[in-house]
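Participant: Here it is, the structure in full.
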Amino acid sequence: MNFLGLWARGMTSRPNRRAMDSVAINNTADNGRSGTGSVQYQLRQYAESTLGKASLHEAVLLPEGESLDEWVACHVVDFYNHINMLFMSVSHHCTDESCPKMCAGESYNYFWRDGVNYREPTSVPANKYIKLLVKWIDVQLDNTMLFPVELGQPFPQNFRSEIASQILKRMLRVYAHLYWHHYPQICQVGLATMLNTSFTHFTLFVTKYKLVSDTELQAVKDVIKILA
């Protein structure tokens, strides 16, 4: 049963602190963007403090005087870490047999293409798609020409329109797969609240700055409506 089915039955979930502590967090991104003296660290601290004090709507607003590219880059790293942890918590349920293709329900199927090992859109099991995605994002986050870490180093002109947008579009597919196919397992490990908060933050952010198209969001439009 997916998120919508559980919601219709009135199922609620309380975060299980012990379960959260036991989750293995692999490949969490740093890329030199979190040193305590860096602009990136200060932006992240600002975002986290806002999340704790006010609504998610306020949390996505660009701090006065800060670079929008830097704000987007900071959020790309954070959302990457969120989806990585969330997927790792239920990855043993996402097998070649249970999820033979990357999809969100029956209507939305996602194909992998990276232009190197997969030059054409290719159907792969969901767990393989997500692992390939994690490696693909890692490579981009480690590329300081795409995600600069030096103060004053400019971002590429197409950073928001192409680089960040493509990463976030593919991250959305992980959220969609988790909601459609693994929401009961997310609840079982006590991470439903984290998933819902992270996803709401994600959708507010990408819509605020027009980073993901409405077409891509169709797969999770009912979830967005429920969480609004």
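The values are calculated or read from the model by the stated rules, or taken from the named source; none is laboratory data. None of the values given here were measured: they were computed from a predicted structure. FYI the Cβ positions are ideal-geometry reconstructions off the backbone, even for glycines, and counts take in every protein chain you see. The area values use the complete protein model at the heavy-atom level, side chains included, leaving out ligands, DNA and RNA. Shrake-Rupley method; radii C 1.70, N 1.55, O 1.52, S 1.80 Å.
Participant: What is the sum of charges, Lys and Arg at +1 and Asp and Glu at -1, for the other residues whose Cβ falls under 11 Å from the Cβ of residue 120?
Facilitator: +1
Participant: Give me the percent of the accessible area of the stretch 103-228 that comes from carbon and sulfur atoms, probe 1.4 Å, all protein chains in place. Each step should come with its number before you reach the end.
Facilitator: Details: 3060 of 6050 Å².
The computed percentage sits at 51.
Participant: Restricting attention to the stretch 145-228, which GluC sites (Glu not before Pro) occupy a DSSP loop and are surrounded by at most 16 other Cβ atoms within 10 Å?
Facilitator: Working: sites: 150, 162, 216; in loops: 150.
Loop-located and lightly packed - 150.
Participant: For a quick check of understanding: with a 1.4 angstrom probe and all protein chains in place, what accessible area in square angstrom does residue 77 have, to the nearest ten?
Facilitator: Roughly 0 Å² of residue 77 is accessible to a 1.4 Å probe.
Participant: Right, next: Hey, got a sec? Which chymotrypsin sites (Phe, Trp or Tyr not before Pro) in the stretch 157-203 land in a DSSP loop and have at most 13 other Cβ atoms within 10 Å?
Facilitator: none
Participant: Provide the per residue accessible area, probe 1.4 Å, for the stretch 106-228, rounded to a whole number of square angstrom.
Facilitator: 49 Å²
Participant: Checking the cross-link filter: which lysines have an alpha carbon closer than 23 Å to that of residue 208, excluding same-chain neighbours under 8 positions apart?
Facilitator: Partners within reach: 53, 169, 221, 225.
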